1. Touching a residue at least 40 places away in the same chain (Cβ under 8 Å) and over 19 Å from GLU396 (Cα atoms) - does that describe any residue in segment 472-495?
2. Being among the polar types (S, T, N, Q) and assigned to a loop (DSSP other than H, G, I, E, B) is the filter; apply it to segment 547-591 and report the residue that is most open to solvent (accessible area, probe 1.4 Å).
3. Restricting to segment 159-180, give me the number of residues that are open to solvent by less than 20 Å² (accessible area, probe 1.4 Å) and touching a Gly at 6+ places or on another chain (Cβ under 6 Å).
4. Mind checking whether some residue in segment 84-91 is under 30 Å from ARG310 (Cβ atoms), out of contact with any Lys or Arg (no Cβ under 7 Å at 6 or more places or on another chain) and among the small types (Gly, Ala, Ser)?
5. Please go through segment 280-325 and give me each residue that is of a type in the set (Asp, Glu) and either at pLDDT below 80 or within 39 Å of the chain's Cα centre (by Cα) (or both), ordered by number.
6. Give segment 328-369 a look and list any residue that's without any contact (Cβ under 8 Å) to a residue 24 or more places away in the chain and charged (D, E, K, R), or say none.
7. Residue under question is GLY393, and the condition is that it be more than 30 Å from ALA49 (Cα to Cα), assigned to a helix (DSSP H, G or I) and of a type in the set (Gly, Ala, Ser); does it hold?
8. Residues VAL349, VAL320: which one is part of a helix (DSSP H, G or I) and either surrounded by fewer than 17 Cβ atoms within 10 Å (Cβ to Cβ) or in contact with a helix residue (DSSP H, G or I) (Cβ under 9 Å, 6 or more places away or on another chain) (or both)?
Amino acid sequence: MTLLLGPPASGKTTFLLALAGKLDSSLKVSGRVTYNGHNMGEFVPQRTAAYISQHDNHIGEMTVRETLAFSARCQGVGTRYDMLMELARREKAAGIKPDPDIDVYMKAVATEGQEANVITDYYLKVLGLDNCADILVGDEMIRGISGGQKKRVTTGEMMVGPALAMFMDEISTGLDSSTTFQIVNCLRQNIHINSETAVISLLQPAPETYNLFDDIILLSDGQIVYQGPRELVLEFFESMGFKCPQRKGVADFLQEVTSKKDQQQYWAHKEIPYRFITVQEFAEAFKSFHVGQKLADELRIPFDKSQSHRAALAKKVYGVGKRELLKACFSREFLLMKRNSFVYIFKLVQIAITALVTMTLFFRTKMKKDSVADGGVYAGVMFFAIVIVMFNGYAEISMTIVKIPVFYKQRDLQFFPPWAYALPTWILKIPISFVEVVVWVFVSYYVIGYDPNAGRFFKQYFLLLAVNQMACALFRFIAATGRNMVVANTFGTVALLVLFALGGFLLSREDIKKWWIWGYWCSPLMYAQNAIVANEFLGHSWRKFTPDSNEPLGVQVLKSRGFFPDAYWYWLGLGALFGFVLLLHIAFTLALTFLNRGYLYHLHFNYFKSKFDKPQAVITEDSERDEQDTKIRGTVELSTLGSSSSLTTRSESGGDIWGRNSSSQSLSMTEAAGGVIQPKKRGMVLPFEPHSLIFDEVTYSVDMPQ
């Protein structure tokens, strides 16, 4: 278990992302990362290694147990089943009778596809989450678990999977030192018992937390200053002339000793004048330090791929079969629909009230069928019905965007393919569309005075059902492409305006300019409007003739508004709407597949960040003068050597740097200094008067378990 230390903006996140194979594709990368001698393209790094972000992205409507259980169900059991079969074979050959309790436990954790399994309960207990297992995780609108418990849920979400290498990015953010110690202590036991490897980034860990780690990596200005056993780190800095004071925490000392502002206070040789030692000089000196030399000798022998166990690296993209993943996504979506039942009930009540208001406004006793003008009123009512049914699907924008950050996290971790997420979102909500349209049509149809033929009644029902499905698909697609509430709502409003303008009612087909007529034919609202008016005005109640025309009144109404007076337009419009439903859901799935959250605008707290939220690293100003492009340099090697493994970092600019981790079947990795070259920022310096804040009689207490 390795502790990654470094001041802010030193490149810790970029380092961990590089090790986990999750670097942003827009970064220019030189060098390579290998696991057991294998390049990233030879296995699936997202399932071999687990990157745990410092951000807690969870679905607030799910409980802690449900969150971990879904994660375990998607990630599968890895090699646990194969290991159990091999163990049973060896026990049988040796005549050994296994312990009943252990045998039951091992069989339980090796069974995949369970909605609730033993491994989930085990990690709930290990992480101290068993007391809040059935409490909602919560979010800004739902009261849930505390911040410290959310951190443990974020960690446990990946621990329930079969990954052998863990990369944890500042998992202590927002936690007190006692909680951090408990989490790290749990991780330490789990990692040592299961022979795993972890690189954990912490900001200013307490001394008791620091002492739990085996190795230390000290990162500063994009370069690795030290990498090796925790016990020898102070010896290295003492050889450089810097000594940690007796009552000073070692972690704080390591973060400050490379800083130009704080370095001088640790200078131990009073008889020798102090001079600032740069990060580059520390990195060069480590190469000649005995820890670096010893590991350099070991690393000169390349790792033999044939020595890598077949179970060490994941070769399958997903942990379980696609059918099982689809079942898991259907189960979760149905659960979320039950938890959000108020939204669907509210939408139902909303459309019912609107239908009641509409039928009293357009009451059949006041609705005549004697002239073209009367037909225009009916056409307006039908347009209003289409608009209301469309607007009832607008809530899909917010409901989709709320879950988008969690989707991106789980998609990137190879929990499930995007289509397995998109399909339940569509299929499970079809019955809700049935009920909503039933309320509208059954309440308003005969009271308004549409054609009384039962066939036309059901034809209008199925048409409005297609409109509702098309609207839901459209707004889901807008949400997936906008990926932010402000952007998506803006897109949604513009889309509705364009659809209404080119739908054939507000502007007649003859009134649309030739260069805009393509928009008319591309508008799903046009097909809906032509279909619904053809269904109504070609009915028996509109077949009367007027003195000034030899055509039925219904045909006159259709021609007066530029609609097509042919009966087949109903079926054409219905087919086109279902085609749009299918097309928009395919586009929704493609947007989920290929778009990344790196291009969204984020709304945080009470200010709008107009900065793209992309992974970025920082390197020193000296390097900025040399290069003016985005680059990460280095080689990362992950190798397992017998019963011990090496965590190794090579830097093209700073030489070879190494470390050691003595746990069986551990994974060892290598990365290099470097990062994103950013243009220098200019700005004014505001003068200020410094003040000191003094707190008197501060009492801080933490409840400790018995």
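The values are calculated or read from the model by the stated rules, or taken from the named source; none is laboratory data. Because the structure is a prediction, the values reported are computed rather than measured. No Cβ is skipped: glycine too gets one built from the backbone with ideal geometry, and neighbour counts run over all protein chains shown. Heads up: the accessible areas ignore ligands, DNA and RNA and are worked out on the full protein's heavy atoms, side chains in. Shrake-Rupley method; radii C 1.70, N 1.55, O 1.52, S 1.80 Å.
1. So far as segment 472-495 goes, no, none of its residues is touching a residue at least 40 places away in the same chain (Cβ under 8 Å) and over 19 Å from GLU396 (Cα atoms).
2. ASN550
3. Final tally of qualifying residues: 0.
4. Within segment 84-91, one or more residues are under 30 Å from ARG310 (Cβ atoms), out of contact with any Lys or Arg (no Cβ under 7 Å at 6 or more places or on another chain) and among the small types (Gly, Ala, Ser).
5. Matches in segment 280-325: GLU298, ASP304, GLU324.
6. If the condition is that a residue be without any contact (Cβ under 8 Å) to a residue 24 or more places away in the chain and charged (D, E, K, R), then LYS338, LYS366, LYS368 are the ones that fit.
7. no
8. VAL349
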